[in-house]
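Below you'll find the structure, written out as C-alpha cells, and then a few comments.
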Amino acid sequence: MSVTIEILSGLGAKGPAAIVVEAQGKRLLLDAGGALHPDDTITWANNLDVDAVLISHDHIDHIGGVAELAENVPLYCTPLVAKALPHNRPWHPLPERGTLEVEGITVTTGQAGHSLGGVWLHLAVGNGVLYSGDACFESSVFPFDTPPKAAIALLDASYGSYDQPQAYCVQAISERLDQPLAFPVPETGRALEMALWLAKEADRRQLTLAIDPVIRDNLAALLALPATLRRPGLDHSIRSLLARQNACPPTLQLMCDRSDTPEQWPDHHLLHTGYLTPDRRAELAAGQISWQRWNVHLRASHLVALADQLGATQVVPLFTPFSDNALSAWHGLLGERLCTAQRLYAPSRLVTRSSLGSFACPQ
C-alpha cells in the first residue's frame, strides 16, 4: 500500500497545522491546530476520521483544535505538552526523544529546538516522512536533534526566505534596552531563552527586571528535565534567575502574552518579537508598539540544510504564503525538491531507522 499525505491546513499561509498521513491502513493526524485569531474558526476537523493524533508542541496553532476531535481518538504528546490539552482529555505519552509504535507505525521523536516539550515527528513509512512541527536550530535553551532520513520533509517555513542569524536579532533588541520595555511572549517558547538573556543584560546594565511567574515555573520545569533535553551550561543561570526577586516597578518586563495592548502598559513600551495579529500590525503601523524578531523558526538556509541532511526528495514548506515571489524564492532554494501540493503520495517501502544524534547546525 502507498503512503498518502494530505495537508488539511498549514499550506500556503500562516495558519493552523493539521496533516493526515495514511499508511498501512491507518490514518494519523499530525497536529491539531487552532485558529490564530480570536474571531477565526477552523474547518479542517469537519467530518475528520483518523485513528490517532500526534501533537508536536503546545502552541495554539498546533494544539488549539484538539477540542474539535472526538475524545475516543487516541492522542499522543509529551507530558509537558499535555498540560495544554483540554481538561481531562485522555492522552498517551510521546517520548521527548525516542521511538514508539502508534497504530502499528513506528514513530520517532526528537527535540525540535522551539519550545518546552516540543518534538519533531518521523514516521517510518514509505522512505520516511519527517514533520518538523515548529523547529529552530538557534535556540540557546532547546536543542535540535538530528532526525532519521526521510524522502518527504514537511518543514517549518514560517519565516519564508528570511535568513538573518539570531545574533543580529539579539543585537537589535539589545540596542532598545535604554527605555522601559514590556515583552509579551509565548510562555513555553522564546520566553525561556529571553528570560535568561534579559537577566544577564539587566545585570550588565544595572536595570531592573520582572519575569512572569508562569515563565519562572516553565524554567523550573526545564531544569527538572534530564540534562540532555536542554543546552549544556544553563543550570547555574536558571537557578540564579529562579532565586532572583522581581523588581517593582521594573524597567524590563517579560510576561506571558495575554493579548496585551499599549493601554495596559502605560509605563512601558511594548516590544513584540514574533507573529503579529492584524490588530497588532495596525498598532505597529501607528507607532504604538515596536517589533523585532527573535528567531524561533527555521530560517531559509537552515531549512535547506535540514532537507539536505534528510536526503529529502520532496520538501513542503509549511506555514508560509505562496505568492509568486515567494514561490520563485523557494524554487531557487529547493529546486526540483519543492512540493506545494496539498496531497502527496509515496511508495510503501519502509525506511531503516537511524540512531538520533545532535545536528551540526549551520551558522
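Annotations
- Residue match in the range 138-147 (condition: surrounded by 21 or more Cβ atoms within 10 Å (Cβ to Cβ), closer than 29 Å to ALA70 by Cβ and aliphatic (A, V, I, L, M)): no
- Scanning the range 1-50 for residues that are farther than 19 Å from VAL129 by Cβ and in contact with a Leu (Cβ under 6 Å, 6 or more places away or on another chain) returns no hits.
- Test: residue in the range 167-179 that is at positive phi, out of contact with any Lys or Arg (no Cβ under 7 Å at 6 or more places or on another chain) and not basic (Lys, Arg): no
- Test set (1) surrounded by fewer than 24 Cβ atoms within 10 Å (Cβ to Cβ); (2) within 23 Å of VAL315 (Cα to Cα); (3) touching a strand residue (DSSP E or B) at 6+ places or on another chain (Cβ under 6 Å) - GLY12 fails condition number: (3)
- Here the condition is being buried (at least 16 other Cβ atoms within 10 Å of the Cβ) and within 18 Å of VAL81 (Cα to Cα); of ALA17, ALA23, it holds for ALA17 alone.
- Of everything listed in (1) surrounded by 24 or more Cβ atoms within 10 Å (Cβ to Cβ); (2) among the hydrophobic types (A, V, I, L, M, F, W, C); (3) assigned to a helix (DSSP H, G or I), the single unmet condition for VAL304 is (1).
- Enumeration of residues in the range 285-342 that are among the hydrophobic types (A, V, I, L, M, F, W, C) and in contact with a Lys or Arg (Cβ under 7 Å, 6 or more places away or on another chain): ILE289, TRP294, VAL296, ALA307, LEU310, ALA312, VAL315, PHE319
- PRO86 falls short on exactly one of the conditions (1) under 21 Å from PRO186 (Cα atoms); (2) buried (at least 21 other Cβ atoms within 10 Å of the Cβ); (3) touching a helix residue (DSSP H, G or I) at 6+ places or on another chain (Cβ under 7 Å), and that condition is (2).
- Condition met for ARG239 (assigned by TED's automatic domain parsing to the domain that holds LEU207 and surrounded by 20 or more Cβ atoms within 10 Å (Cβ to Cβ)): no
- Test: residue in the range 338-349 that is closer than 22 Å to PRO148 by Cα, outside the structural domain of LEU276 (by TED's automatic domain parsing), in contact (Cβ under 8 Å) with a residue 60 or more places away in the chain and among the aromatic types (Phe, Trp, Tyr): yes
Yes/no per residue for (1) among the aromatic types (Phe, Trp, Tyr); (2) modelled with pLDDT of 95 or more; (3) assigned to a loop (DSSP other than H, G, I, E, B); (4) touching a Ser or Thr at 6+ places or on another chain (Cβ under 7 Å):
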residue: ALA32; (1), (2), (3), (4): no, yes, yes, no
residue: ASP39; (1), (2), (3), (4): no, no, yes, no
residue: VAL53; (1), (2), (3), (4): no, yes, no, no
residue: LEU85; (1), (2), (3), (4): no, yes, yes, no
residue: THR106; (1), (2), (3), (4): no, yes, no, yes
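The values are calculated or read from the model by the stated rules, or taken from the named source; none is laboratory data. What you see is a predicted model; the values in this text were computed from it and never measured. Positions of Cβ are backbone-derived with ideal geometry, glycine not excepted, and every protein chain shown enters the neighbour counts.
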